[in-house]
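*Asks:* Quick one: structure below, then a few questions.
All of the numbers you see were taken from the coordinates with simple rules; none came from a lab. These numbers come from a predicted model, not from an experiment. With ideal geometry, Cβ positions are generated from the backbone for all residues, glycine too; neighbour counts draw on all protein chains shown.
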Amino acid sequence: MTAARSTAAQDEYLGEHHVYEPHRAGLPPLVPYYREVWRRRGFAFELARTTMHAANTDTVFGQLWLVINPLLLSGVYYLLTDILGGGTHPKNFFATLTSGLFLYYYITGCMSAGATSVTQGGRLILNTSFPKMLLTMSTSYTAFRRYLPTLLVYGVIHVIVIKTITWHALWMIPVLLIATLMGQGLANLFSTLQVYFRDTASFLPYVIRIWLYVSPVLWVIPGRHDHSTKLQTAVIHYGWVNPLFGPLAVQGQALVAGEAPNIRFVLYGLVWAVGLFVVGSLVFMSRERDFAVRL
Amino acid sequence: MISLSASETVASPAATPTARVPAIQVQDVHLTYRTSLQKNPTLKSAIVRLGRRERVIREVRALQGVSFDVPHGKVMGVIGSNGAGKSTLMRTVAGILPPTSGRIEVNGRVSTLLALGVGFNSALSGKENVTLGGLAAGLTRAEIREKYEEITAFAELEDFMDMPMRTYSSGMYSRLAFAVAVHMDPDILIIDEALSAGDAHFKKKASDKMAELVSKARTMLVVSHALGTIKELCDEAIWLHKGQLIGRGRPDDMISAYTRFLQVGEDALTLEDF
């Protein structure tokens with residue numbers, strides 16, 4: 001009987017024969033779920049493509065906004081830190097600031113766009129049986145597509161400000177993987193929360209702003225041979241509490257400073273990314289059934 | 001007066017040993033969900049309510065021990081008052097709402113037309129919405145391309161498909177939704193209160209298309225308050241009341257029983273049709 005139930009449950013999303021049974025512990029059968037997510041990935045890509053197209057079609061600069069936006073953003077924050085810092089900056093500060101801002105906005109972009117992805121998908125959710133995680137994956141993919149041009153912008157800044165690049169820049173591959181996992185986990189978590197509390201997305205800009213200030217974006221983590229204040233030492237010591245600390249710190253050390261990153265920071269980022277992805281995905285899937293009756 | 005118990009449910013005609021596996025088998029399905037009484041629940045109001053120790057969460061027993069089956073090529077009508085659980089049953093059979101207990105087996109490709117239809121993103125064009133709806137439903141791009149011309153021609157929206165759907169009238173929305181649902185080559189078509197799509201001309205067209213699908217031995221599950229539609233289109237009907245299956249049988253019998261129960265009778269109003 002158990003075996004029969006198990007086989008039947010696995011049919012839920014597959015082929016022309018569908019069996020719908022209660023979800024165990026509120027979760028759909030995971031292997032068929034993710035297999036179906038993969039099979040219908042075209043939907044997530046197409047939704048991201050059309051959403052980006054619709055967002056910029058009617059503007060004068062069109063898709064150029066993808067480059068103009070990050071440039072303006074880094075200019076504004078450079079001006080802000082310049083005024084606050086009295087005109088003095090650590091070495092290569094503009095490169096640190098821009099790379100940090102771009103990665104920071106990639107992760108939090110996944111989170112803020114993902115938060116409303118389910119509530120905005122109302123008609124589709126009410127009418128079609130499909131893994132709803134495709135909606136948050138689509139917004140994460142949109143955030144990634146928006147992030148890609150900023151890499152190009154950073155590349156130009158890097159060449160002008162720092163001039164050289166080391167092999168340690170390859171650490172950006174695991175950093176991007178960590179950032180993507182983290183962004184997807186946060187998108188799953190906050191989109192679920194948004195279904196239950198419709199003002200979640202309204203709170204997010206404030207959360208994102210505060211998170212920016214406590215993350216090493218507008219300020220620089222001292223290098224190995226640099227002098228650090230007591231406060232900086234404490235912030236680095238408790239860096240593991242902040243999920244964004246790890247990837248931002250590794251990026252600053254490997255890409256901007258061109259030195260080997262602290263493995264402790266890599267581990268912080270990895271553990272947070274896997275944790276947020278697993279918890280976010282489980283929370284999302286366990287509540288997915290509610291979406292059709294709460295929208 | 002009909003007794004409100006499921007005991008009058010007629011035995012399934014497909015239960016004979018020689019019958020094929022039914023297209024839809026619903027076995028003792030219960031569906032319970034918790035929902036908020038607030039239209040827009042917010043964190044702020046949740047905190048305020050917590051202070052006042054108020055509860056606005058309600059448990060809804062939408063389906064209670066519903067069992068029936070639909071043989072291949074048959075059209076099953078679903079009737080019942082508002083809040084009877086008809087739409088919930090449709091969503092459960094479509095796999096959108098997994099049951100709390102029981103089992104549903106569906107054999108064949110399902111296409112749904114559940115009240116709201118396609119067009120979930122009004123900022124996108126009709127074409128983009130059709131593509132996205134198809135991809136979400138599991139069709140390939142090639143399959144969608146193949147059906148696209150047919151869909152737009154049927155909906156008579158060729159000149160509007162590149163325009164954002166926010167510019168569409170409600171009739172245009174409905175026509176596109178109906179066209180998408182019936183052109184997906186479904187083995188099983190699930191329709192909820194959507195047969196009144198568009199103007200008189202389109203209603204006739206929709207009616208003809210439905211008849212064509214029926215003649216091609218497609219299985220259908222149809223929810224409608226237009227009892228004439230149920231009578232004309234369906235081979236059988238089930239009657240739901242407050243989440244329970246009250247009866248199953250010939251559409252005429254079920255409609256008579258249902259209207260008698262409502263103490264309305266088969267007057268022109270309830271028999272209004274396309």
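*Asks:* What value, in deg cm²/dmol to 500, does the helix sum -39500 (n - 2.57) over DSSP H runs of n ≥ 4 give at 222 nm once divided by the residues of chain A?
*Replies:* For chain A, the value works out to -23000 deg cm²/dmol.
*Asks:* Each residue of region B:24-31 in order: what ³J(HN,Hα) in whole Hz does its phi give by Karplus 6.51 cos²θ - 1.76 cosθ + 1.60, θ = phi - 60°, with x for Gly and Pro?
*Replies:* My calculation for region B:24-31 gives 10, 10, 10, 10, 6, 7, 10, 9 Hz in order.
*Asks:* Quick one: in region A:40-294, what % of C-alpha pairs are over 33 Å apart?
*Replies:* The answer is 22 percent, as a whole percent.
*Asks:* For a quick check, take a GNM of chain A with Cα springs below 10 Å and name the residue from A:47, A:231, A:135 with the largest mean-square fluctuation.
*Replies:* Fluctuation is largest for A:231.
*Asks:* Now for a separate question. Please list, in chain and number order, the residues 5+ apart from residue B:75 or on another chain whose amide H is under 5 Å from its amide H, with Hs placed from the backbone.
*Replies:* B:220, B:235, B:236
*Asks:* Under the rule of at least 5 residues apart or a separate chain, name every residue whose amide H is placed under 5 Å from the amide H of residue B:113.
*Replies:* It is B:190, B:191, B:192, by chain and number.
*Asks:* Nearest 20 debye, what's the magnitude of the dipole of chain A about its Cα centre given +1 on Lys and Arg Cβ and -1 on Asp and Glu Cβ?
*Replies:* In debye, rounded to 20, chain A gives about 140.
*Asks:* Can I ask one more? Which of rounded, prolate, oblate describes the protein assembly as shown, given a ≥ b ≥ c as roots of the alpha-carbon gyration tensor eigenvalues and a/c under 1.5 marking rounded, otherwise prolate only if a/b is larger than b/c?
*Replies:* Judged from the Cα gyration tensor, the protein assembly as shown comes out prolate (a/c at least 1.5, a/b above b/c).
*Asks:* Loop only per DSSP, at most 11 neighbouring Cβ atoms within 10 Å: give me the trypsin sites (Lys or Arg not before Pro) in region A:203-295, ordered by residue number.
*Replies:* Sparse-neighbourhood loop trypsin sites (Lys or Arg not before Pro): A:224.
*Asks:* Then there's this: Hey, got a sec? Which trypsin sites (Lys or Arg not before Pro) in region A:45-152 land in a DSSP loop and have at most 16 other Cβ atoms within 10 Å?
*Replies:* Counting only loop positions with at most 16 other Cβ atoms within 10 Å, the trypsin sites (Lys or Arg not before Pro) in region A:45-152 are A:91.
*Asks:* Separate question: Rounded to whole Hz and in sequence order, give me ³J(HN,Hα) for region A:202-215 from the Karplus expression 6.51 cos²θ - 1.76 cosθ + 1.60, θ = phi - 60°, writing x for Gly and Pro.
*Replies:* Using θ = phi - 60°, the values come out as 6, 6, 4, x, 6, 4, 5, 5, 5, 4, 4, 5, 8, 9 Hz.
*Asks:* Within region B:154-243, which GluC sites (Glu not before Pro) sit in a loop by DSSP and count at most 15 neighbouring Cβ atoms inside 10 Å?
*Replies:* Sites meeting the loop and neighbour criteria: B:158.
*Asks:* Within chain A, which is the longest segment that contains none of the chymotrypsin sites (Phe, Trp or Tyr not before Pro) sitting in a DSSP loop with at most 12 other Cβ atoms within 10 Å?
*Replies:* The reported range is A:62-237.
*Asks:* ³J(HN,Hα) across region B:151-160 via Karplus (A = 6.51, B = -1.76, C = 1.60, θ = phi - 60°), whole Hz, x for Gly/Pro?
*Replies:* Values, residue by residue: 4, 5, 5, 5, 6, 6, 10, 3, 7, 10 Hz.
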